[in-house]
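A quick write-up on the structure given underneath.
The values are calculated or read from the model by the stated rules, or taken from the named source; none is laboratory data. What you see is a predicted model, and the numbers here were worked out from it, not measured in a lab. With ideal geometry, Cβ positions are generated from the backbone for all residues, glycine too; neighbour counts draw on all protein chains shown.
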Amino acid sequence: MRQMLLGLTTLLATAGTAAADVNIYTTREPGLIQPLIDSFAKATGVAVNTVFLKDGLAERVVTEGESSPADILMAVDAGNLVDLVDKGVTQPIDSAVLKEAIPAQLRDENDHWFGLSYRARVVYAAKDLDLAAITYEDLADPKWKGKVCIRSGQHPYNTALFADYIAHHGAEATETWLAGLKANLARKAAGGDRDVARDILGGICDIAVANSYYVGLMRSGAGGEEQVAWGEAIKVILPTFEDGGTQVNISGAAVAKHSPNKDEAVKFLEYLASGEAQEIYAKANYEYPVKAGVALDPIIASFGELTVDKTPLGEIVKHRKAASELVDKVGFDG
Amino acid sequence: MALVAGTAPSAQTAPRGRRPIWCLAAGIVAGLVVLPVLALGSEAIGGSLGLWSHLAGTILPAALADTLLLLLGVGLIAGFLGVTLAWLVTAHDFPGRGILEWALLLPLAVPTYIVAYAYLDILHPIGAFQGAVRWILGYSSPREFRLPDIRSLAGCVLLLSLVLYPYVYLTTRAMFLSQSANLLDAARTLGTPRRRLFRRVALPLARPAIAVGVSLTLMEALNDIGASEFLGVRTLTVSIYTTWVTKNDLAGATQIALLLLAIVVALVSFERWARRRQGYVSGSRGRTMQPERHDGLKGIGLCALGVLPVVFGFVVPAVYLAAEAWKRWRFAGLSDRLVGEAVDTLLYAGGATLLTLVLGVVAAFALRLSPGWTGPLIYRLATTGYAMPGTVVAIGVLLVVAPFDRLVDGAARDWFGVSTGLLLIGSGTALIYAYVVRFLAITAGSADAGLARVPKSLDDAARTLGRSAGGTLCAVHLPLTRASLAAGALLVFVDCIKELPATLLLRPLNMETFATHLYGEAARGTYEEASLAALAIVLIGILPVIVLSRVGRNPSS
Amino acid sequence: MPALPALEVLSLARRFGDTAAVRNLDLAVGSGEIVSLVGHSGCGKSSLLRLIAGVDTPDAGCIRIDGEEVAGPNRFVEPERRRIGFVFQDYALFPHLTVGSNIRFGLKTVPKSEAGKRVRDMLERVGLAAHADRYPHELSGGEQQRVALARALAPAPRLLLMDEPFSNLDRALREGVRRKTLSLIRQFGITAIIVSHDPEEALSSGDRVVLMQAGEIVQAGSAYDLYDRPSSPYAAEFFAACNRVPGRVRNAHVDTALGAFPAPHGLDDGDDALALIRPTGIDVVADGGDGEVMARELMGEIETIRVRLPGLAEPLTIRSTRRLPAGIRRVGVSIAPGAAMIFPVRPC
């Protein structure tokens, strides 16, 4: 077996002479980061090895301890990045390049993790629906009864949104709001963020909550003609909190505490924050780039001006567990 | 011959405590399987119990109810389908029966997560089916008319039953085939009309086989996470997942996992209790029953009836996947990633299958050699992995393997100044270990079933002719149980290819299988990009179907 | 008997749950001797055989073959090292191997050419030379039995054990197969134990007959010893049903409804005794007598007659070659000299 042979050769080779690679453990889907990896490898000649670990990235790095080959830990959702820091598997990186490229509220104050792109939790509405603006609070309004689609309340995208709601209004109000939202659902809270667009086209619901970049993926035609139809069936409204802006979440990365190739790892992070990579984030993944001055994809730009909610990511993370418990409590997924 | 009464104790006279090597080997196998469970257990103890008051007040009642309803529904529908179809092709002969006999196994090839995705797309208001219905009824938009959503407990039950019934069909048909025609003839001479034979004789006789098939089905349903998550059914397995991932509470997740394990242990005990009496039915030999021939309209009707489950459980999703794959091919061509994925998929599944087969034979053989309490205990422990969701097994294996890897690496650094890296995880051994833990029950079970058909006197004969226990295994048992071992091995092979949670968590760098590729795409909603991988999984899944159909046809092998 | 027995079994015991299959059993078999081990189903004879072969382990006691201890408190020789041939009741032929390969199975340590020669030789001796390439299921029951025998004998074992080797054969075949089997065993000069539950078969199958009951040996000796001089009513009745006639000892004789018989040693005046008389030990006298003919059944050469006598609770069963006149109602009976076997009746 290839990997076994690899393992054997590592065993025989002396530690110092092995060529420096960057080993990435990622919870981001490979399709999303592959273009970035390819262009980094081309620019620097450093080989990149990846393993996509949907869940259990933290557990794996923790149990691997100082033997772990991981250099870079990539994750979606600030909560996952904070978890990695809390579990002690990251290390601070003092890099002027990163500090300059990434705004302070999108990276860890202790320099452990760095946001590399962000996405907004937006509302998809049926194209012909007479609706120009909406608040998150409005989603629980009984006038939407039987008209809202959303994925599982326990999905990190949703728990982060609900946690932000707690940050704005407190747990009690959030529970009431969640119960109202639950009562408005047109179908079970399940599936993915694209399914809600398809469901709007299918007449199951009028409005839905989903991430911003899916619209780009659908409308661009990368997923085939059908998805173009799904994407065209909806319009995107950037919802806000009554007393704030639109909830966003980041994708980001950290350098592993026991990174065997720390220099290359930092180089890779710095590359991801560069204009070239940020453009890929914007163009290939339809995300909001963190670096100022990098242009948005036109599809995303068409949503209008994004006002990022001011709740610090760290605070949202703190309310995540409470949000998850509220989801259980109101039987959101039932 | 075997029916001639032997002397009383011969059934249980295998020697006691005299096969230390085999028992030891099987004990090590069992230990390897139990180790991850123990690791999870200590993790669970380390956690607080605070979660439970929350769970008990919120999702646990619903999750338990959903889980039990799911099991009940799948058990009933898959059981009904499996038994009826088995009888249909055993007791009746009609045009197309020969093909139908093995075609009925085809849904086994379709993983639950694929069938769920395919049907969601087909039955969606904007999908082909509802489009056609609207066209017939003259509606122009789904906003005017649409059918109920498949994303429900009922939909999940239906879809799971459609792809899981072959487990019941397989075991029950083998039992029907091995039932002596004399028994059925005897019932007829005693005044049972042909149409009542099924309920009065064949069905009661096949009960143990039905129980085995149904419990396999239920285990699969319980372990399913793809379809349930997709269709919005909150089973316990899904709860384990969200507790771990969303609430970041691994200890709590393992606590729920242990609860699930308790349910499964109950299920397994039921299956064993049912199987306890199997010996007496399968002992009979002689002519098998002669099916009743139907031609003309009735024959065609029966055939059509039998074809329905194949159409819904296999043809529809497979054609759908093929069409999607074709579209994708036209759109993006054949990705060269697929070749690498094929190599990884086949290598890992192949290696794991081989190991699982060898260890399964060891466990089953030790059981045969020591029928006291040690053999069965070891056997049971060795086969607990099948009862655990893949996610749980994966975490358990990680908890066992990673400290070992750290230890080796640390020691190597201290003594030789060389880093070994992660020996087991980095080489993929950890993943293969997880596959073995998860699927050992399949090979051990088929080895056990195969061995049960070999008379004990053959063991004794070989021993007195100068062969050791191991020599006997190689010269007598392995050749005689070849067919059922092959069937078990192929099931494991396909299960490894379909396996997702453990593969995701434990794979080494750069390893991508068809299933992980599919999942990676599904996770960001781009299923279409993985339709070729999905089609490959289904096509590979057809392999064991072909072999199983041959094994089933010849009950003596 | 030669000085060193081929097989010695000492105080052997084996239990299965609550049942003692073999209890405190002693047995010695001389070299070249053929022992016929007989008893009802479940008496422990097959268990004893399995213990000797080593496919089962004793709870206590010891077994020696050619003076070598193969099972004892501190020693257990695996069956494959005991050099014992075993013919199983169901023959246990390997279904996936041809006749030739079945016979060759035990010749793994023998050089290839030698093994081939031995297989051909064995096949010839059992008259199956033409069947070497057939599979067991293609053979008749008798042929299968011969293959099983050839397979057991091929490795030249020290001891041959046969568990009910003829019970799966048709009655018509059985006699011939049995005779051929015995002659083959004698040709080889091999020590053998043949287990049977059929009394006639047991009597005619060995140099010595060993009768077992409930895990113990009841009596061992020549066929004549067991049939003519049974040591207990059980032994007497095992080989043929007997007429049971109760009596009491007086003046060194046992008085019964059929007359007085000499009392054996150990019986004192006043003791209750039981006379067992085989149906062939009584004859009928055509005229004059107080016996009432209840039923007659012609079997060919002999006739079975049931006669009720005053003073006897049960009618006597008599097997006679004498042909009585048709329609006869009353007969007398006569007991052949020495036909009555007298046993003490132990008070309950």
> Is one or more of the residues making up region B:92-107 assigned by TED's automatic domain parsing to the domain that holds B:Val316, crowded, with 16+ Cβ neighbours inside 10 Å and more than 27 Å from B:Arg196 (Cα to Cα)?
Replying inline: yes
> Limited to region A:55-112, what total is found for residues that are hydroxyl-bearing (Ser, Thr, Tyr) and at pLDDT 90 or above?
Replying inline: 2
> Hey, among the residues in region A:290-317 that are in contact (Cβ under 8 Å) with a residue 24 or more places away in the chain and assigned to a helix (DSSP H, G or I), which one's surrounded by the most Cβ atoms within 10 Å (Cβ to Cβ)?
Replying inline: A:Ile316
> Quick one: in region B:111-167, which of the residues that are in a loop (DSSP other than H, G, I, E, B) and modelled with pLDDT of 85 or more is farthest from the chain's Cα centre (by Cα)?
Replying inline: B:Ser152
>> Just to be sure I understand the filter: pairs with C-beta atoms under 7 Å, separated by 6 or more residues or on different chains, first member in region C:174-202 and under 18 Å from C:Asp90 (Cα atoms), second member part of a helix (DSSP H, G or I) and of a type in the set (Gly, Ala, Ser). Which pairs pass?
In response: C:Val177/C:Gly142; C:Arg178/C:Ser205; C:Ile194/C:Ser205; C:Val195/C:Ser46; C:Ser196/C:Ala202; C:Ser196/C:Ser205
> Among the residues of region C:42-65, is any more than 14 Å from every other protein chain (Cβ to nearest Cβ), of a type in the set (Val, Ile, Thr), touching a residue at least 40 places away in the same chain (Cβ under 8 Å) and not in a helix (DSSP H, G or I)?
Replying inline: no
> If you go through region B:36-54, how many residues are within 19 Å of B:Val392 (Cα to Cα) and assigned to a helix (DSSP H, G or I)?
Replying inline: 13
>> Residues that are free of Cβ contacts under 8 Å to residues at least 12 places away in the same chain and within 12 Å of chain A (Cβ to nearest Cβ): list the helices (runs of 4 or more DSSP H) wholly contained in region B:355-437 that include at least 1 such residues.
In response: B:390-416
>> Among the listed residues A:Ile150, A:Ile102, A:Ile134, identify the single one that is touching a residue at least 40 places away in the same chain (Cβ under 8 Å), closer than 30 Å to B:Thr235 by Cβ and in contact with a strand residue (DSSP E or B) (Cβ under 8 Å, 6 or more places away or on another chain).
In response: A:Ile150
> Is at least one residue of region C:72-87 more than 14 Å from chain B (Cβ to nearest Cβ) and either in contact with a helix residue (DSSP H, G or I) (Cβ under 6 Å, 6 or more places away or on another chain) or part of a helix (DSSP H, G or I) (or both)?
Replying inline: no
> If you take the residues of region B:480-502 that are modelled with pLDDT under 85 and either outside any helix (DSSP H, G or I) or facing chain A (nearest Cβ under 9 Å) (or both), which of them is surrounded by the fewest Cβ atoms within 10 Å (Cβ to Cβ)?
Replying inline: B:Leu500
>> Taking the criterion of being outside any strand (DSSP E or B), within 12 Å of chain B (Cβ to nearest Cβ) and closer than 24 Å to C:Ser204 by Cβ, would at least one residue in region C:17-35 satisfy it?
In response: no
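Return the residues of region A:45-66 that are in contact with a strand residue (DSSP E or B) (Cβ under 9 Å, 6 or more places away or on another chain), of a type in the set (Gly, Ala, Ser) and assigned to a loop (DSSP other than H, G, I, E, B); say none if nothing qualifies.
Answer for region A:45-66, where residues must be in contact with a strand residue (DSSP E or B) (Cβ under 9 Å, 6 or more places away or on another chain), of a type in the set (Gly, Ala, Ser) and assigned to a loop (DSSP other than H, G, I, E, B): just A:Ala47.
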>> Anything in region A:50-66 that is within 14 Å of A:Pro260 (Cβ to Cβ) and either surrounded by fewer than 18 Cβ atoms within 10 Å (Cβ to Cβ) or among the hydrophobic types (A, V, I, L, M, F, W, C) (or both)? List them, or say none.
In response: A:Val61, A:Glu66
>> Could you list, ordered by first residue, the pairs with Cβ atoms under 9 Å in which the first is in region B:466-480 and touching a residue at least 24 places away in the same chain (Cβ under 8 Å) and the second is polar (S, T, N, Q), at least 6 apart or interchain?
In response: B:Leu480/B:Ser557
> Pick from region C:94-108 the residues that are surrounded by 24 or more Cβ atoms within 10 Å (Cβ to Cβ) and more than 7 Å from every other protein chain (Cβ to nearest Cβ): which of them is nearest to C:Leu184 (Cα to Cα)?
Replying inline: C:Ile103
> Looking only at region C:300-322, which residues are at pLDDT below 85 and of a type outside the set (Gly, Ala, Ser)?
Replying inline: C:Arg322
> Can you name the residue in region A:67-84 that is at the interface with chain B (Cβ under 7 Å from one of its Cβ atoms) and in a helix (DSSP H, G or I) and is also surrounded by the most Cβ atoms within 10 Å (Cβ to Cβ) among such residues?
Replying inline: A:Ser67
> Identify, please: which residue in region B:234-247 is assigned to a loop (DSSP other than H, G, I, E, B) and at the interface with chain A (Cβ under 8 Å from one of its Cβ atoms) and is, among those, surrounded by the most Cβ atoms within 10 Å (Cβ to Cβ)?
Replying inline: B:Arg234
> Among the residues of region A:118-156 satisfying the criterion of being more than 16 Å from A:Asn211 (Cβ to Cβ) and part of a helix (DSSP H, G or I), which is nearest to the other protein chains (Cβ to nearest Cβ)?
Replying inline: A:Trp144
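Surrounded by fewer than 22 Cβ atoms within 10 Å (Cβ to Cβ) and either without any contact (Cβ under 8 Å) to a residue 60 or more places away in the chain or over 28 Å from B:Ala447 (Cα atoms) (or both): which single residue out of B:Leu518, B:Leu509, B:Leu505 fits that description? Steps first, please.
Values: B:Leu518 fails: surrounded by fewer than 22 Cβ atoms within 10 Å (Cβ to Cβ); B:Leu505 fails: surrounded by fewer than 22 Cβ atoms within 10 Å (Cβ to Cβ).
Sole residue among the options that is surrounded by fewer than 22 Cβ atoms within 10 Å (Cβ to Cβ) and either without any contact (Cβ under 8 Å) to a residue 60 or more places away in the chain or over 28 Å from B:Ala447 (Cα atoms) (or both): B:Leu509.
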>> Out of A:Ile24, A:Ile37, I need the residue that is closer than 18 Å to A:Lys262 by Cα, modelled with pLDDT of 90 or more and facing chain B (nearest Cβ under 9 Å). Which one?
In response: A:Ile24
>> If the requirement is being farther than 22 Å from C:Arg50 by Cβ and not in a strand (DSSP E or B), which of these qualifies: C:Val147, C:Val177?
In response: C:Val177
> Can you name the residue in region A:188-199 that is of a type outside the set (A, V, I, L, M, F, W, C) and not in a loop (DSSP other than H, G, I, E, B) and, of all such residues, is nearest to the other protein chains (Cβ to nearest Cβ)?
Replying inline: A:Arg194
